[in-house]
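Enquirer: Take this structure, written in structure tokens, and hold onto it; I'll ask about it next.
The values are calculated or read from the model by the stated rules, or taken from the named source; none is laboratory data. On a predicted model such as this, the values are computed, not experimentally measured, just so you know. Please note: Cβ atoms are built from the backbone with ideal geometry, for glycine as well, and neighbour counts cover all protein chains shown. Each accessible area value is taken on the protein alone, full model and side chains, heavy atoms only, with ligands, DNA and RNA left out. Shrake-Rupley method; radii C 1.70, N 1.55, O 1.52, S 1.80 Å.
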Amino acid sequence: DQQVKQNSPSLSVQEGRISILNCDYTNSMFDYFLWYKKYPAEGPTFLISISSIKDKNEDGRFTVFLNKSAKHLSLHIVPSQPGDSAVYFCAAPRPGGGADGLTFGKGTHLIIQP
Amino acid sequence: IAGITQAPTSQILAAGRRMTLRCTQDMRHNAMYWYRQDLGLGLRLIHYSNTAGTTGKGEVPDGYSVSRANTDDFPLTLASAVPSQTSVYFCASSDLPHQGTGELFFGEGSRLTVL
């Protein structure tokens, strides 16, 4: 049973507009969440994280929002740039506080249209 | 540049053959992980190791084995490859206990095709 779900396999956004990527989770005990970005033929790279005690974390053009009551988090990219075209994964720690690794969603392929 | 090195980058393998994917890190992280990425399925954990000498099973461990003889190396072995093991394999590491974000650092991946 997948504990972290990304229900949109792909998303197309015009350059300069806002990109919103969504993620739902089932385990209310997660301590933190992370977003990873992956380009073709490269390994995933860490983008931004949020602690479960916060509802927002911002880093430049990237902001992650956490809605604990809805068990939902979202990644906002403003403004979207061509280099943002990639696959984005949301992730949460596996049982054991993350020492046993992260569990990932299936990913959303973001395409930024010029 | 410090990080994770995976080898080979790409490999085509006949079904039934044995294959070992190599992973080396120079960050002195105590935890290491193997994931596979498949279209539509995201990243799934195969095996992990919290420290040298210990290993654990992830979400999809069947058909794979690992060893952790030292801090830096974490090889993944397919004893008898099958076509369903065609995938891109990523090795990752992290420092435990987690400092800050608890992030994993990934290698560039090994693309394996089993015919």
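Enquirer: Can you give me the accessible area per residue for the protein assembly as shown, using a 1.4 Å probe, in Å²?
Expert: On a per-residue basis, the protein assembly as shown sits at 47 Å².
Enquirer: I need the phi-derived Karplus couplings for the range B:8-25: 6.51 cos²θ - 1.76 cosθ + 1.60, θ = phi - 60°, integer Hz, Gly and Pro marked x.
Expert: x, 6, 8, 7, 10, 9, 6, 4, x, 7, 8, 9, 10, 8, 9, 9, 9, 10
Enquirer: Still on this model: Most mobile of A:Pro79, A:Pro40, A:Pro95 per a Gaussian network model of chain A (Cα springs, under 10 Å)?
Expert: Between A:Pro79, A:Pro40, A:Pro95, it is A:Pro40 that shows the largest mean-square fluctuation.
Enquirer: Something else now. With no solvent and one equal point scatterer per Cα, compute the Debye intensity ratio I(q)/I(0) for the range A:54-114 at 0.12, 0.23 Å⁻¹ and report its log10, rounded to two decimals.
Expert: Those come out to -0.38, -1.11, one per q.
Enquirer: Could you compute the FRET efficiency for B:Asp95 and A:Gln81, with r as their C-beta to C-beta distance and R0 at 30 Å, rounded to 0.05?
Expert: The calculated FRET efficiency here is 0.45.
Enquirer: Quick check for me: using +1 on Lys/Arg Cβ and -1 on Asp/Glu Cβ, what's the dipole size of the range A:15-114 about its Cα centre, in debye to the nearest 20?
Expert: My answer is approximately 160 debye.
Enquirer: How big is the dipole moment of chain B about its Cα centre under a simple scheme where the beta carbon of each Lys and Arg is +1, that of each Asp and Glu is -1, and everything else is neutral? Debye, nearest 20, please.
Expert: Working: 9 positive and 9 negative charges, 71 e Å.
In total the dipole reaches around 340 debye.
Enquirer: Cut-off 10 angstrom, C-alpha nodes, Gaussian network model of chain B. Which of B:Gly56, B:Gly16, B:Gly102 fluctuates the most?
Expert: B:Gly102
Enquirer: Let me ask you something else. Relative to a virtual label point 7 Å from the Cα of A:Ser74 in the Cα→beta-carbon direction, which members of the range A:26-50 show backbone nitrogen distances below 19 Å?
Expert: Of the residues in the range A:26-50, A:26, A:33-36, A:48-50 have backbone N under 19 Å from the label point off A:Ser74.
Enquirer: Hey, which aspartates and glutamates would be in cross-link range of B:Lys57, C-alpha to C-alpha under 20 Å, not counting anything within fewer than 8 residues on its own chain?
Expert: Cα-Cα hits under 20 Å: A:Asp1, A:Asp100, B:Asp38, B:Asp72, B:Asp73, B:Asp95, B:Glu103.
Enquirer: Between the range B:2-56 and the range A:31-101, how many Å separate their Cα centres?
Expert: 22
Enquirer: Out of B:Ser80, B:Ser94, B:Ser65, any idea which swings most in a Gaussian network model of chain B, alpha carbons joined below 10 Å?
Expert: Ranking B:Ser80, B:Ser94, B:Ser65 by mean-square fluctuation puts B:Ser80 first.
Enquirer: Total Å² of accessible surface buried at the A-B contact, 1.4 Å probe, nearest 100?
Expert: Between A and B, the summed buried area is about 1700 Å².
Enquirer: Along each of the three principal axes of the Cα atoms of the range A:8-79, give the extent in whole Å, ordering the values from largest to smallest.
Expert: 34, 27, 23
Enquirer: Further question on the same structure: On a full-extension model of 0.36 nm per residue, what is the gain between B:Val82 and B:Thr54, subtracting their alpha-carbon distance, rounded to one decimal in nm?
Expert: 7.4 nm
Enquirer: While we're looking at this one, here's another question. Sort chain B into rounded, prolate or oblate with this rule: let a ≥ b ≥ c be the square roots of the eigenvalues of the Cα gyration tensor; rounded if a/c is under 1.5, and if a/c is not under 1.5, prolate when a/b is larger than b/c, oblate otherwise.
Expert: On the way: a/c = 1.75, a/b = 1.67, b/c = 1.05.
Prolate, since a/c reaches 1.5 and a/b exceeds b/c.
Enquirer: With a point put 7 Å past each Cα toward its Cβ, work out how far B:Asn70 is from A:Ala41 in nm, to one decimal.
Expert: Modelled inter-label distance: 3.2 nm.
Enquirer: When the Karplus curve 6.51 cos²θ - 1.76 cosθ + 1.60 is applied with θ = phi - 60°, which whole-Hz ³J(HN,Hα) does each residue of the range B:79-93 get, with x for Gly and Pro?
Expert: 5, 8, 5, 10, x, 5, 8, 4, 5, 9, 9, 10, 9, 9, 9
Enquirer: With +1 on each Lys and Arg Cβ and -1 on each Asp and Glu Cβ, how big is the dipole of the protein assembly as shown about its Cα centre, in debye rounded to the nearest 20? Could you put the intermediate results ahead of the total?
Expert: Numbers: 20 positive and 19 negative charges, 72 e Å.
So the magnitude is around 340 debye.
Enquirer: Could I ask something else about it? Once you put a point 7 Å from the Cα of A:Ile18 and another 7 Å from the Cα of B:Ala7, both along the Cβ direction, what distance in nm separates them?
Expert: 4.9
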